[in-house]
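J.: Mind having a look at this structure? Questions to follow.
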Amino acid sequence: AIQMTQSPSSLSASVGDRVTITCRASQGINNDLGWYQQKPGKAPKLLIYGTSSLQSGVPSRFSGSGSGTEFTLTISSLQPEDFATYYCLQDRIYPRTFGQGTKVEIK
Amino acid sequence: AQLVESGGGLVQPGGSLRLSCVASGFTFSSYWMTWVRQAPGKGLEWVANIKQDGSERYYADSVKGRFTISRDNAKNSLYLQMNTLRAEDTAVYYCARDQDIVVAPTVGYDAFDIWGQGTMVTVSS
């Protein structure tokens with residue numbers, strides 16, 4: 001199975017900060033990567049699919065980039081509602097695999 | 001559009017449980033469907049998915065041979081039959097709709113855009 005490794009595992013940031021989360025795949029996955037946001041006690045929410053396509057209704061401060069084995073999720077200006085855990089998911093091959101998550105906390 | 005899971009509960013190791021997920025507000029038969037789980041305090045784990053007509057099914061290595069995903073399009077329902085349960089299967093189980101976005105003849109992306117609220121499965125003696 002493809003291993004997905006996110007970094008950092010957690011970070012502290014302030015409102016207005018630019019935040020970048022990295023996801024590395026153990027083998028090339030082209031652009032077959034999505035990003036999900038999860039708040040405590042809630043189901044995950046789709047942010048981005050296909051590396052960089054923004055899901056309808058998701059604020060434009062979220063963006064994704066990358067290709068092959070290295071991908072990034074960027075939040076251009078962190079807002080109070082963005083404090084959550086973020087997961088990448090590869091959908092290149094089965095079984096699908098998530099990264100271990102990155103928790104974004106308030107500084 | 002909504003998904004509602006049910007069927008979770010407490011079961012002994014080695015036991016069985018069947019989860020259900022009922023869809024409403026969209027054409028269920030038009031979408032791949034997926035199960036994802038989350039152990040307490042842990043990250044997300046993809047479990048299984050199934051094609052619109054049930055002709056293709058895929059599983060995580062951790063559940064292959066023990067879990068079976070199925071669907072009944074006439075009842076707008078998705079199921080997960082879980083057998084030979086282990087303590088490590090303890091988790092919240094979510095069902096999710098996969099938009100399966102096709103951008104080219106051989107290029108498509110999973111996009112789990114609608115999720116249920118989750119149902120808790122606890123495997124313990």
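J.: Would you confirm whether or not the stretch A:11-19 contains a residue that is touching a residue at least 24 places away in the same chain (Cβ under 8 Å) and closer than 26 Å to B:R37 by Cβ? Give the steps one after another, and end with the answer.
T.: Of the stretch A:11-19, the ones touching a residue at least 24 places away in the same chain (Cβ under 8 Å) are A:11-19.
This time we only want the ones that are closer than 26 Å to B:R37 by Cβ, so: A:11.
Yes: the stretch A:11-19 contains one or more residues that are touching a residue at least 24 places away in the same chain (Cβ under 8 Å) and closer than 26 Å to B:R37 by Cβ.
J.: Also, I was wondering about something else. Any idea which residue in the stretch A:77-93 is farthest from the other protein chains (Cβ to nearest Cβ), counting only those that are over 12 Å from the mean Cα position of the chain (by Cα) and farther than 18 Å from A:A43 by Cα?
T.: A:S77
J.: Which residues, taken from the stretch A:26-76, are over 15 Å from the mean Cα position of the chain (by Cα) and over 24 Å from A:Q3 (Cα atoms)?
T.: A:P40, A:G41, A:K42, A:S56, A:G57
Residue by residue, here is whether (1) in contact with a Lys or Arg (Cβ under 8 Å, 6 or more places away or on another chain); (2) assigned to a strand (DSSP E or B); (3) under 22 Å from B:V63 (Cβ atoms); (4) more than 11 Å from chain B (Cβ to nearest Cβ) holds:
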residue	(1), (2), (3), (4)
A:T22	no, yes, no, yes
A:Q27	no, no, no, yes
A:G34	no, yes, yes, no
A:G57	no, no, no, no
A:S65	no, yes, no, yes
A:F71	yes, yes, no, yes
A:T74	yes, yes, no, yes
A:P95	no, no, yes, no
A:E105	no, yes, no, yes
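J.: With the requirement that a residue be surrounded by fewer than 13 Cβ atoms within 10 Å (Cβ to Cβ) and more than 14 Å from B:D98 (Cα to Cα), what does the stretch B:17-41 give you?
T.: B:S24, B:G25, B:P40, B:G41
J.: Which condition breaks for B:S125 when tested against (1) surrounded by fewer than 19 Cβ atoms within 10 Å (Cβ to Cβ); (2) in contact (Cβ under 8 Å) with a residue 24 or more places away in the chain; (3) under 17 Å from B:Q2 (Cα atoms)?
T.: Against the list (1) surrounded by fewer than 19 Cβ atoms within 10 Å (Cβ to Cβ); (2) in contact (Cβ under 8 Å) with a residue 24 or more places away in the chain; (3) under 17 Å from B:Q2 (Cα atoms), B:S125 comes up short only on (3).
J.: Looking only at the stretch A:24-63, count how many residues are over 18 Å from A:Q90 (Cα atoms) and either of a type in the set (V, I, T) or surrounded by 20 or more Cβ atoms within 10 Å (Cβ to Cβ) (or both). Write out each step before concluding.
T.: Keep residues of the stretch A:24-63 that are over 18 Å from A:Q90 (Cα atoms), which gives A:39-43, A:56-62.
Remaining after also requiring either of a type in the set (V, I, T) or surrounded by 20 or more Cβ atoms within 10 Å (Cβ to Cβ) (or both): A:43, A:58.
The total comes to 2.
J.: If you check B:V92 against the conditions, is it of a type outside the set (G, A, S), surrounded by 15 or more Cβ atoms within 10 Å (Cβ to Cβ), in contact with a Pro (Cβ under 9 Å, 6 or more places away or on another chain) and over 27 Å from B:S24 (Cα atoms)?
T.: Numbers: of a type outside the set (G, A, S): yes; surrounded by 15 or more Cβ atoms within 10 Å (Cβ to Cβ): yes; in contact with a Pro (Cβ under 9 Å, 6 or more places away or on another chain): yes; over 27 Å from B:S24 (Cα atoms): no.
Judged against the criteria, B:V92 is not a match.
J.: Out of the strands (runs of 3 or more DSSP E) lying entirely within the stretch B:9-125, which hold 1 or more residues that are of a type in the set (V, I, T), under 21 Å from A:I29 (Cα atoms) and within 14 Å of chain A (Cβ to nearest Cβ)?
T.: Strands (runs of 3 or more DSSP E) meeting the threshold: B:32-38, B:44-50, B:101-104, B:107-109.
All of the numbers you see were taken from the coordinates with simple rules; none came from a lab. None of these values were measured; they are calculated from a predicted model. Heads up, the Cβs are rebuilt from the backbone with ideal geometry, glycines too, and the neighbour counts pull from every protein chain shown.
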